[in-house]
Structures are given as C-alpha cells and as structure tokens.
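**Q** This structure is in structure tokens; I'll ask about it shortly.
Values quoted throughout were computed directly from the atomic coordinates according to the rules given, and no laboratory measurement underlies them. Not measured: the values here are computed from a predicted model. With ideal geometry, Cβ positions are generated from the backbone for all residues, glycine too; neighbour counts draw on all protein chains shown.
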Amino acid sequence: MVVDYIIVGQGLAGTFLSWNLQRAGKKVWVIDQWQPRSASRIASGVINPITGRRMVRTWMIETLMPFAVDAYTKFGHELGASLVRQCNIIDFHPTPQMKLAFLERAPEEKEFLKLPVDENSWREYFEYDFGYGETDPCWLVDINTMLKNWRQQLEYTQSLSPTIFNWADCSISPQEIRYQDIKAGKIFFCEGAAGADNPYFKMLPYARNKGEALIAEIPGLPRTHIFKQGINIVPWQDGLFWIGSSFEWEFKDLLPSESFRKKTEQHLSRWLKLPCRVLDHFAGERPANMERRPFAGLHPVMPSVGILNGMGTKGCTLAPYFANQLAEHVLQGTAIEPLADVKRFTRVLSR
Ligand SMILES: Cc1cc2nc3c(=O)[nH]c(=O)nc-3n(C[C@H](O)[C@H](O)[C@H](O)COP(=O)(O)OP(=O)(O)OC[C@H]3O[C@@H](n4cnc5c(N)ncnc54)[C@H](O)[C@@H]3O)c2cc1C
C-alpha cells in the first residue's frame, strides 16, 4: 500500500496531525498501540491561560487558546460530538499570602484573573478561609471522546494499525519510508513520553514527569467549574470527577502510589464538604522537556522523518496549533514558530 504519511502515535499530537493531513486530502497511516493510561487518555483536559504558583501567563496563550477552541469545535462537528466547553477555574486561596499574590496579579492580568462578586458563593460545597479568585476563560476538552471517535474514523477509512511500531520493519531514506508492506513519503513520530527512546530524536532534552489522579463520585457538586486548591477537581466523563495531579520529576515506576492517594484524600476531607467516593486511581507520564516548548518539525539531517512531541503539561493547548503548523510546513513550506521548531536542535540532532 502507498500512503503519503505514516504517523506513529494517536494521542493528542498524532490525532491532530493526522486530522490536519487527512483534511488536506492526504492519505495517512496511523500506528498506535492502545494504552489506556497514555498521557492524553488520563489528562483532565484543561486549557488554562494562567498557571503556576506565580500565576504566569501561558506562552503564546493569546494565539493558542482561541486557535485551540476553534479547532476542537470544528473537529467536534466532524466527529458528531461536543469536545470543548468553557469551564472557569475557581481558585481557592490556601493561605493569606496566596490571596495577596492573587490580588496583586489580578490588575496586571485583567483579561484572565477575576475577583469574586460574592466570596461566599461556594460555601455550601467547600471549606475555605481566604476567599477565592476566578480564571476566566478556561476551557475543558473531552479528550477521550475525541480520541475514541477519531480512532473509529481512522478504522473506517482503513488508516489505522493498532499495533506497536517495530523499528526492525522500517527502512528510512531521505526520499522514502518503507514500513512492512507500506510505502510513504514521510514518517512522523508522535509517541509522547516513549519518544525519548526514538533513535532519531532521543538527543532532545526530554525530562520525564509522572502525574497521578483519582476518579471519584461527588454527588451534588456542580459541573460548571473546575475547583482548585493545590489540587484540581475537574468534571470528567460519566458524571464523575477527575482529581489531581502530582508533578514528580524523580520516580521509580509509573504505578499509582499509595502516598498520592492518601495525601489527596486527606486534603479532600478538609476542603470538600460533600461525600466523595474514589472509584479509580491512575498514573502516567507527561512528555515534558527542559525548555517547556514543543518539538515540531522535520529532522534536520533526515527530512523524511518528522516529530510532534514535547507537549509537557499543556498538550490540550499546544497540540491543535502546532499540528496545524507542522502540516502546513510539510504541505506548503510555511515556517514553524522558531521556539517550537525542532531545527533549534540541529547541532545535537546532527551528531
Ligand atoms: C495526570 C496528567 C494530567 C494532565 N492534564 C492535562 C490537562 O489538564 N491539560 C493539558 O493540556 N495537558 C494535560 N496533561 C498533559 C497531556 O496529557 C500531554 O501533554 C499530552 O497528552 C501529550 O500528548 P501526546 O500525543 O504527545 O502523547 P501521548 O498522549 O502519550 O500519546 C502517544 C501515543 O503514542 C502511542 N505510542 C507510543 N509509542 C508507540 C509505538 N512504538 N508504537 C505504537 N504506538 C506508540 C501511545 O500508545 C500513545 O497512544 C496531563 C498529563 C497527565 C499525565
């Protein structure tokens, strides 16, 4: 079989890249080994313009957020599902110092940080002493529906191989890729954290990061907002809530840990006034990197090999825009944002 492009991985990155290329009339072949705990499948799906303890504006958010909302809306129409909705963050200040920090940042970030009209609005549901602020707008993506529906579409168009990509079956030249009985012009690696072992791109500055979350029933808690106090409570599928997460830079394994569960349950018992029943607990690895910028583009020495990876904690925000940039780069020769273009690593990738 002859296709235009092979894509390895169907997380957020591979999904958006294959969608963009297929929409442009190209034939794609997506190879993805289904992993229920891949980063995209366990992510809460939040697009948040202001992050971190220092409440810093997310890189390029003025461009990335509207682009992402538009892309999820259009993609949802095609897939017959609603994939994105506005869901602001209610940020309960854990200490008087954090409240002060919010009050100082709010006038500088008027576009996104809002003061509450009534500080008592959430007392029925939460115990809090120092008030709250609101991040507005934030968006919530239904990633699992998107991945599932797109996978079905790929199956329907006979464009999916639900298997592990096997390097022994692949031969790569600057002009052509051969994989098993498939011939393609280029191959793109969208492997998430597994990309750190890719022979073409393993020199990139990946930084492994583990995250854990609980899935719980919280009857009576409104699904209109994301609630935050150190951890986030996020509306999840099937009427449940996603609660997390941890950010671990050093870890022995990717298993859910007793310590995360205990710490999170203890925090919930002090903060949440409603009963909460934990039904699931999972852990996964974010494809993070030292620069906190994506890796998008073609290999500087082997231009038939491309990458879309390094989305770290922000795949929902970054993947729609950079998948589109990469597709346009390949199809029309337009430039990729220099801070995301993998060409910035030409020296290390040429060794
Ligand atoms: C707990 C947690 C919470 C998060 N919450 C958010 C959030 O709220 N908002 C946000 O923007 N981001 C969040 N993230 C980050 C987000 O999940 C990632 O940025 C994003 O999912 C990365 O997508 P990806 O497609 O690059 O990688 P992945 O989702 O890891 O996808 C890679 C795919 O490639 C497949 N694959 C890899 N190697 C092979 C191979 N050799 N053969 C076949 N298939 C292969 C894998 O099975 C997988 O399906 C969170 C991450 C975690 C862990």
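**Q** Out of residues 5 or more away from N209 or on other chains, whose amide H comes under 5 Å of its own, with H placed 1.01 Å from N in the peptide plane?
**A** The answer is R286, A288.
**Q** Taking the Cα-to-Cβ direction at A24 and at E124 and moving 7 Å from each Cα, how far apart do the two end points lie in nm?
**A** 5.0 nm
**Q** OK, next. Non-local amide H neighbours of N232 (under 5 Å, H modeled in plane, Pro and chain starts lacking H): which ones?
**A** Those qualifying (amide H under 5 Å, at least 5 residues apart or on another chain) are G244, S245.
**Q** Using a simple spin-label model with points 7 Å from Cα along the Cα→Cβ vector, what separation in nm is obtained for A168 and M302?
**A** About 1.8 nm, to one decimal.
**Q** Can you give me the Cα centroid spacing of the stretch 158-215 and the stretch 110-152 in angstrom?
**A** Distance between centres, Cα-based: 35 Å.
**Q** Can I ask one more? Express the Stokes-Einstein translational diffusion coefficient of the chain in µm² s⁻¹, to the nearest whole number, given a Kirkwood radius over alpha-carbon pairs, 10 °C and a viscosity of 1.306 mPa s. Kindly include the intermediate steps, with their values, before the conclusion.
**A** Numbers: Rh = 21.2 Å.
D = 75 µm²/s.
**Q** What is the gain in length, in nm to one decimal, between Q332 and E217 on full extension, counting 0.36 nm per residue of separation less the C-alpha to C-alpha distance?
**A** 36.6 nm
**Q** Pull up all non-local amide H partners of I31: gap of 5 or more, or a different chain, and H-to-H distance under 5 Å with H placed in the peptide plane.
**A** Sorted by chain and number, the residues that satisfy this are I7, V8, G9, S161.
**Q** Rounded to the nearest 20 Debye, what is the dipole magnitude of the chain about its Cα centre when Lys and Arg each give +1 and Asp and Glu each give -1 at the C-beta?
**A** Values: 40 positive and 38 negative charges, 121 e Å.
Roughly 580 debye, rounded to the nearest 20.
**Q** Who wins for biggest fluctuation among G52, G297, G211 in a Gaussian network model of the chain, springs between alpha carbons below 10 Å?
**A** G52
**Q** How high is the relative contact order of the chain, in percent, with contacts defined as C-alpha pairs under 8 Å that are six or more residues apart?
**A** Numbers: 685 pairs, mean separation 81.2, N = 351.
Taking the mean separation of contacting Cα pairs over the length of the chain, I get 23 percent.
**Q** At 0.36 nm per residue, minus the direct Cα-Cα distance, what do Q237 and R347 gain on full extension? Give it in nm, one decimal, please. Mind dumping the intermediate values first?
**A** Working: separation 110, 0.36 × 110 = 39.60 nm, distance 4.42 nm.
Taking Q237 through R347 to full extension adds about 35.2 nm, to one decimal.
**Q** Greater than 24 Å separation of Cα atoms is the criterion. Which listed pairs, K110/K228; K262/K314; K186/K343; K74/K314; K27/K343; K99/K252, meet it? Don't skip to the answer; put the middle values down first.
**A** Numbers: K110/K228 20 Å; K262/K314 26 Å; K186/K343 17 Å; K74/K314 20 Å; K27/K343 26 Å; K99/K252 36 Å.
Correct reply: K262/K314; K27/K343; K99/K252.
**Q** Once phi is turned into θ = phi - 60°, what whole-Hz ³J(HN,Hα) does the Karplus curve with 6.51, -1.76 and 1.60 give for every residue of the stretch 243-257, x standing for Gly and Pro?
**A** 3J(HN,Hα) across the stretch 243-257, in whole Hz: 10, x, 9, 9, 10, 10, 8, 10, 7, 8, 8, 9, 8, x, 9.
**Q** Tell me, how many Å apart are the Cα centres for the stretch 40-92 and for the stretch 255-321?
**A** 14 Å
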